[in-house]
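Shown next, in structure tokens, is the structure this report addresses.
Every read-out reported here was derived from the displayed coordinates using simple, explicitly stated rules and does not represent laboratory data. Just so you know, these numbers come straight off a predicted model, no measurement behind them. When we count neighbours, we look across all protein chains shown, and the Cβ atoms used for this are built from the backbone with ideal geometry, even at glycine.
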Amino acid sequence: MSAIKKTNPKTKKSSKGKVIQLNVFRQPNQTETEQLIKAVLNVAQSALWFNKNFSSKEKENLKELIADHFYNGKNEKTNFKELIERICLAKRYVARKRGRYISKPQDWLNIHYPLGLAGTAAWLKQVNEVRKDVPEYNKGIKTFATAILKFIENPQAVTFYRYRRLLMEQKQFDLLQILNNTLINLQYSL
């Protein structure tokens with residue numbers, strides 16, 4: 001008897017492995033964020049580049065850049081609201097003084113560009129420090145971020161009217177205009 005097993009080349013089976021693609025950067029506690037990413041892009045476009053129309057390809061590229069901001073291990077809803085508040089801070093920074101501008105979207109949304117959205121993290125940190133002593137400080141941007149999130153979760157007229165009323169009571173008319181534009185874009189997929 002031979003200890004070597006001979007195989008018949010005609011009956012040899014080829015083993016094929018199953019390829020599973022994994023997103024290495026996605027954290028295990030994060031669910032699908034596509035709708036939140038789309039909303040961040042809509043807010044950024046309404047607030048910062050309101051006079052620019054993006055092609056489908058440009059929108060996909062910008063969504064990929066925004067997605068990088070979600071892969072930091074934070075809760076996706078908290079992360080979303082922080083990004084929205086940071087966009088509002090940048091919009092107001094530019095509006096305060098003539099000559100200030102926002103760079104092109106491909107740069108500004110890039111997580112590695114320190115003068116873009118990534119750089120506004122320090123601004124929000126300062127705002128949150130002041131809020132510890134003065135809870136009403138920059139309340140409008142917090143209300144605005146919550147309004148966008150609540151509308152995504154429950155896209156009903158009652159949600160829109162509630163947050164519209166709150167922004168009007170807080171005299172946040174610049175944010176009210178951005179809210180209107182963003183919700184129209186979200187509702188009608190513009």
Would you mind ranking 158, 127 by Cβ crowding within 10 Å, fewest neighbours first?
158, 127
In region 24-133, GluC sites (Glu not before Pro) in a DSSP loop with at most 14 other beta-carbon atoms within 10 Å
32
Please report, in Å, the Rg and the Dmax of region 133-190, where both are computed over Cα atoms only.
11.4, 40
Trypsin sites (Lys or Arg not before Pro) restricted to DSSP loop in region 121-190 with at most 10 other C-beta within 10 Å:
171
Over the alpha carbons of region 39-190, what is the largest minus smallest coordinate on each principal axis, giving the biggest first in Å?
37, 37, 37
Cross-link list 81/132; 77/97; 104/139; 91/125; 77/139: which exceed 23 angstrom alpha carbon to alpha carbon?
77/97; 104/139
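Once the convex hull of the alpha carbons of region 36-91 is built, what does its volume come to per residue, in cubic angstrom?
Per-residue hull volume (Cα only) is 64 Å³.
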